[in-house]
Amino acid sequence: MNASSIEEATEIDYFITNVEPSKVTSEWIVNSYSNRNWIEVFYREAKEWLGLKEYQVRDKWSLERHFILVRSCLHFYHLS
């Protein structure tokens with residue numbers, strides 16, 4: 001939210017979860033949302049540099065094999 005109250009806000013972002021309301025605290029939201037950055041980094045690297053988006057397969061096994069190869073490449077990429 002870009003204001004101190006809902007009435008003044010012109011933009012509101014929503015965080016939707018299926019976690020029990022008793023577990024959802026401000027700290028939990030910050031920790032959960034900060035993990036999203038690493039997911040975005042993975043997809044950016046996997047799509048742009050490792051060929052995640054470069055697949056042409058006909059069956060489920062081929063798609064799974066492609067994802068495994070990309071994931072393995074990402075692992076070795078980060079080790080170097």
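The values are calculated or read from the model by the stated rules, or taken from the named source; none is laboratory data. All figures in this text were calculated on a predicted structure; none of them were measured in a lab. Heads up, the Cβs are rebuilt from the backbone with ideal geometry, glycines too, and the neighbour counts pull from every protein chain shown.
Among S32, S22, which is modelled with pLDDT of 80 or more, out of contact with any Lys or Arg (no Cβ under 9 Å at 6 or more places or on another chain), small (G, A, S) and in a helix (DSSP H, G or I)?
Criteria check complete, one pass: S32.
Please specify each residue of the stretch 1-50 satisfying the condition of being under 30 Å from L69 (Cβ atoms) and among the basic types (K, R).
R36, R44, K47
Within the set of pairs 6 or more residues apart or between chains, which connect a residue that is within 16 Å of I39 (Cα to Cα) and modelled with pLDDT of 80 or more inside the stretch 56-77 to a residue that is part of a helix (DSSP H, G or I) and small (G, A, S) with Cβ atoms less than 6 Å apart?
From the stretch 56-77, the pairs are V70/A46.
Kindly check whether there is at least one residue in the stretch 45-66 that is small (G, A, S), surrounded by 11 or more Cβ atoms within 10 Å (Cβ to Cβ) and assigned to a loop (DSSP other than H, G, I, E, B). Quick ask: steps written out before the conclusion?
Of the stretch 45-66, the ones small (G, A, S) are 46, 51, 62.
Remaining after also requiring surrounded by 11 or more Cβ atoms within 10 Å (Cβ to Cβ): 46, 51, 62.
So of that shortlist, the ones also assigned to a loop (DSSP other than H, G, I, E, B) come out as 51.
Yes - at least one qualifying residue is present in the stretch 45-66.
Hey, T10 hits all of (1) of a type outside the set (A, V, I, L, M); (2) surrounded by 11 or more Cβ atoms within 10 Å (Cβ to Cβ); (3) modelled with pLDDT of 85 or more but one; which does it fall short on?
All conditions are met except number (2).
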